[in-house]
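The values are calculated or read from the model by the stated rules, or taken from the named source; none is laboratory data. If you're wondering where the values come from, they're calculated on a predicted model, not measured in any experiment. All Cβ positions, even for glycine, are placed from backbone atoms using ideal geometry, and neighbour counts span all protein chains on display.
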Amino acid sequence: MKTTLRLAPRRHLPIAFALASTLAFSGLAAAQSYVSLDCPGADFTQPHGINDRGDIVGNCDGASQQGFLLHHGAWTPIVVPGALATRALGTNNRGDVVGRFDGTDGTSHGYLLRHGVFTTLDPPGSTYTAARDIDDLGRIAGFYDDADGNEHGFLLENGVYKTLDYPGSLATDAYGNDALRRVVGLYFDSDGNAHGFLWKNGAWSTIDYPGALTSEANGINILGLIVGAWDDASTEHGFVKRGGHWESFDYPGAVATTPFGLNTLGEIVGGYLGADGNIHGFLRTCGN
């Protein structure tokens, strides 16, 4: 039986720092270190984004569904005032946070949290919105449903929503973006099969892990590293891609693994289904 983990739902760098990050990537396959992450008192933890300071955002379910910020070991709740549930889905190096919340109107809305102030984000005509990532220039990637129930990706830039639809697709979700105006995500082809994608300045390319039944691209950093998930006949695995190099990985001992975001240092966050039947978060770093 196949096990699938479908978790509900930059500025230019100094040359020395960019070189260090590139060297860090070269050691990803050889030396990784994993840390399991669980919100205190929660039975479900799902990290979604990480910035270069190591701040991690995500969501956890316990007595309530709420977002979180994990900073230097301290867990801080993120809750949109008046919301029924809040999920934090992305962050940048300025400390901005984006996500979605369930409103009392019975639908989901996107939000931006900046300097302690929440701003609701909804493309015109949307009936469901999720803001999934934000780059260091403040551009926001996400997806929304229109009045007919069709799903579209979007890139919000300077107050203007640009709709992103992979050509010929049934549905498109934008999941991650970077300061070079690249967007990654997921689309369903005319047969209903799921594929990852990369969009850059109007040009589309498919991101499919070799031999996978389905793929999704969930995050990209300024160095061009892409993280995502792929399915085989039995379960879901994570992947890291740079250029033509692919690496598949699984959290040690996990039943299924889904990475959602990464930073410039190549540190990756995501979720995994444990042998205990619970969904836990993880942080993957480059070991020594």
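Of the numbered conditions (1) touching an Asp or Glu at 6+ places or on another chain (Cβ under 9 Å); (2) over 18 Å from GLU267 (Cα atoms); (3) assigned to a loop (DSSP other than H, G, I, E, B), GLY110 fails exactly one; give the number of that condition.
Of the numbered conditions (1) touching an Asp or Glu at 6+ places or on another chain (Cβ under 9 Å); (2) over 18 Å from GLU267 (Cα atoms); (3) assigned to a loop (DSSP other than H, G, I, E, B), the odd one out for GLY110 is (3).
Checking ASN221 against (1) surrounded by fewer than 21 Cβ atoms within 10 Å (Cβ to Cβ); (2) farther than 16 Å from PHE143 by Cβ, which single condition isn't satisfied?
(1)
Mind telling me which of the residues ASP133, ASP148 ends up being in a strand (DSSP E or B) and of a type outside the set (A, V, I, L, M)? Before the answer, list the steps.
Values: ASP148 fails: in a strand (DSSP E or B).
Within the list ASP133, ASP148, the selection yields ASP133.
Any idea which of (1) more than 24 Å from ASP52 (Cβ to Cβ); (2) more than 16 Å from the chain's Cα centre (by Cα) is the one GLU157 doesn't satisfy?
(1)
Which residue out of ASP146, ASP136, ASP178, ASP232 is crowded, with 24+ Cβ neighbours inside 10 Å, at pLDDT 95 or above and out of contact with any Ser or Thr (no Cβ under 6 Å at 6 or more places or on another chain)?
ASP178
So TRP75 fits all but one of (1) surrounded by fewer than 18 Cβ atoms within 10 Å (Cβ to Cβ); (2) in contact with a strand residue (DSSP E or B) (Cβ under 8 Å, 6 or more places away or on another chain); (3) more than 14 Å from GLY281 (Cα to Cα); what number is the exception?
Just one mismatch for TRP75, condition (3).
Among all residue pairs at least 6 apart or on different chains, which show Cβ distances below 9 Å where the first residue, located in the range 24-52, is modelled with pLDDT of 85 or more and assigned to a strand (DSSP E or B) and the second is among the β-branched types (Val, Ile, Thr) and surrounded by fewer than 22 Cβ atoms within 10 Å (Cβ to Cβ)?
GLN32/THR285; SER33/THR285; TYR34/THR285; VAL35/THR285
Considering the range 114-124 alone, what residues qualify as being over 19 Å from ALA174 (Cβ atoms) and surrounded by 10 or more Cβ atoms within 10 Å (Cβ to Cβ)?
Those that are over 19 Å from ALA174 (Cβ atoms) and surrounded by 10 or more Cβ atoms within 10 Å (Cβ to Cβ): ARG114, PHE118.
Go through the range 232-264 and give me each residue that's in a loop (DSSP other than H, G, I, E, B), in contact with a Phe, Trp or Tyr (Cβ under 9 Å, 6 or more places away or on another chain) and closer than 23 Å to ASN51 by Cα.
Within the range 232-264, ASP250, TYR251, THR264 meet the criteria.
Which one of the conditions (1) touching a Phe, Trp or Tyr at 6+ places or on another chain (Cβ under 6 Å); (2) surrounded by fewer than 19 Cβ atoms within 10 Å (Cβ to Cβ); (3) β-branched (Val, Ile, Thr) does THR172 fail to meet, given that it meets all the rest?
If we test THR172 against (1) touching a Phe, Trp or Tyr at 6+ places or on another chain (Cβ under 6 Å); (2) surrounded by fewer than 19 Cβ atoms within 10 Å (Cβ to Cβ); (3) β-branched (Val, Ile, Thr), just (2) comes out false.
For the range 71-105, what are the residues that are of a type in the set (Val, Ile, Thr), within 19 Å of GLY142 (Cβ to Cβ) and assigned to a loop (DSSP other than H, G, I, E, B)?
VAL80
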